[in-house]
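**Q** I am attaching a structure below and will ask some questions about it afterwards.
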Amino acid sequence: MNGEFSSLVPFFGFFAILLFVIGLYCVVMSRNFIRVLIGLEILTKGVTLLIIAAGYLTGKVALAQTLAITLIVLEVVVVAVAAGIVIAVYRRNNSLDVTQLRKLKG
Amino acid sequence: MTINLIIMLFMVAAALWAVLARTLLKGSIALAIASAALALLIFRMNGPLAAVFELSVCAGLITVIFISTISLVQPFTPQEVAARYAARFKRFWPLLVLLAVVTVICLKCWTFPACGQALPESADVMALTRDLLWKARQMDLFGQVVMLLAGVFGVVILFKEENPS
């Protein structure tokens, strides 16, 4: 790792950490199913930012782009399936409160 | 680099708004704005292909999915939203404190450069990305196709009408 790279890492890493903290807090503290998904999305944005920044700083933007595209595709699949689960849960329980989902409790 | 800093600040603000927004619809719109800011940032970091994906899929398609889901479930009336907002804000104000703590820790531990240059790129990014995506990382593409199929089947099964008998 050269000096220039290591000095620029905090610049992008700081904002990625902020996004990660916001997303994680939202996932943990939210009671609404849809807001949990929003938190998950924010978490993923932090990871995407880190991947692209790492590619930019090391001069390997192409590799970072391919990884980011893969991540985006996985993200949309996860959100689509999770949205389907949200609707199915709402039809069954008439509520989106995650604390009321006790049917799967072991 | 200063513009990158402004865009990143804007993105974090939009993400915070998405979490703290009073209604889910406003939260979804804030998330789309954060995605658009990230797309702009990726474009500025010489990643036009990933930027287009981020803008069209994350800021577009995912927002449409969220808004469709919200309109299908119609979770709360405006009166319920107002009643729940105070209780929700009590749960979420520590996030602002947590972000301040993280910022102070990062400022103490790291030195932030005023400006800087990234390493030079090796060659044409678009051609390299094309070669990497279609030749070197074919297993990634295979995994994406499998995930897309799994997602399609998952949604089909979730929306399958139950047999009344």
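The values are calculated or read from the model by the stated rules, or taken from the named source; none is laboratory data. Computed from a predicted structure; not experimentally measured. Positions of Cβ are backbone-derived with ideal geometry, glycine not excepted, and every protein chain shown enters the neighbour counts.
**Q** Got a sec? Which of A:20, A:12 is at pLDDT below 90, in a helix (DSSP H, G or I) and more than 7 Å from every other protein chain (Cβ to nearest Cβ)?
**A** Values: A:20 fails: at pLDDT below 90.
Selected residue: A:12, the only one of A:20, A:12 that is at pLDDT below 90, in a helix (DSSP H, G or I) and more than 7 Å from every other protein chain (Cβ to nearest Cβ).
**Q** Does region A:59-75 include one or more residues that are part of a helix (DSSP H, G or I), touching a residue at least 40 places away in the same chain (Cβ under 8 Å) and either crowded, with 17+ Cβ neighbours inside 10 Å or not hydrophobic (A, V, I, L, M, F, W, C) (or both)? Steps first, answer last, please.
**A** The initial filter retains those residues of region A:59-75 that are part of a helix (DSSP H, G or I), namely A:61-75.
From what's left, touching a residue at least 40 places away in the same chain (Cβ under 8 Å): none.
The answer is no, given that none of the residues of region A:59-75 is part of a helix (DSSP H, G or I), touching a residue at least 40 places away in the same chain (Cβ under 8 Å) and either crowded, with 17+ Cβ neighbours inside 10 Å or not hydrophobic (A, V, I, L, M, F, W, C) (or both).
**Q** Out of region A:76-106, which residues are under 17 Å from the mean Cα position of the chain (by Cα) and either in contact (Cβ under 8 Å) with a residue 40 or more places away in the chain or facing another protein chain (nearest Cβ under 7 Å) (or both)?
**A** The first filter runs over region A:76-106 and keeps only residues under 17 Å from the mean Cα position of the chain (by Cα), leaving A:76-83.
If the condition is that a residue be under 17 Å from the mean Cα position of the chain (by Cα) and either in contact (Cβ under 8 Å) with a residue 40 or more places away in the chain or facing another protein chain (nearest Cβ under 7 Å) (or both), then A:76, A:77, A:79, A:80, A:81, A:82, A:83 are the ones that fit.
**Q** Here's another thing I want to ask about it. Looking at region B:97-125 only, could you name the residues that are in a helix (DSSP H, G or I), surrounded by 15 or more Cβ atoms within 10 Å (Cβ to Cβ) and either at pLDDT below 85 or outside the structural domain of residue B:50 (by TED's automatic domain parsing) (or both)?
**A** B:106, B:125
**Q** Being facing another protein chain (nearest Cβ under 8 Å) and more than 16 Å from residue A:31 (Cα to Cα) is the filter here; which residues of region B:10-27 pass it?
**A** Just the residues of region B:10-27 that are facing another protein chain (nearest Cβ under 8 Å), to begin with: B:11-12, B:15-16, B:18-19, B:24, B:27.
Once the filter is applied, which keeps residues that are facing another protein chain (nearest Cβ under 8 Å) and more than 16 Å from residue A:31 (Cα to Cα), region B:10-27 yields B:11, B:12, B:15, B:16.
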